[in-house]
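Here the structure is laid out as structure tokens; the discussion comes afterwards.
The values are calculated or read from the model by the stated rules, or taken from the named source; none is laboratory data. Given the structure is predicted, the values throughout are model-derived calculations rather than measurements. Here the Cβ positions follow ideal geometry from the backbone for every residue, glycine too, while neighbour counts run over all protein chains shown. Accessible surface areas use protein heavy atoms only, side chains included; no ligands, DNA or RNA. Shrake-Rupley method; radii C 1.70, N 1.55, O 1.52, S 1.80 Å.
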Amino acid sequence: MKALLHITAIAGVLLITSVDAPAAFLQRGTVTGTATYRERMALPANAVFEAVLEDVSKADAPAAEIGRARVENPGLPPFRFSISYDRAQINTEGMYSVRARVLIDGKLMFTSAQAYPVLSRQSRRHRHRQNPRS
């Protein structure tokens, strides 16, 4: 069964105040958000929620994964997630989106059915909260 998974995502950057922080940590950013589904049902304990930040800049190529959040036994929606990514992988002219899915025993149960733009000019034209298709 494939159903819609609704995502709300907000991009942010970690602020570091310590001068002793490693340089790699200073280059990290985060995309945080929530995802939910319409069905009124609880997920089994073996469910897994995944949210993936992808570079979707190239129309004729598969999306490249930039970061991933994975939550085993996520409980009831909404599912909160935080995707850490390397800011050096982000091109200001690129296009990036978040997709999410719920797996049960490795089989797809729910997936997002539309692109949720983040980290780009396209994401600034849309409100971060978007309604799923009917």
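Of all the criteria given as (1) within 17 Å of ALA115 (Cβ to Cβ); (2) modelled with pLDDT under 90, the one not satisfied by PHE25 is (1).
Of all residues in segment 31-50, none satisfies being closer than 18 Å to ALA88 by Cβ and touching a helix residue (DSSP H, G or I) at 6+ places or on another chain (Cβ under 6 Å).
Residues that are open to solvent by less than 20 Å² (accessible area, probe 1.4 Å), within 14 Å of THR36 (Cβ to Cβ) and among the aromatic types (Phe, Trp, Tyr) number at least 2 in the following strands (runs of 3 or more DSSP E) confined to segment 51-115: 79-86.
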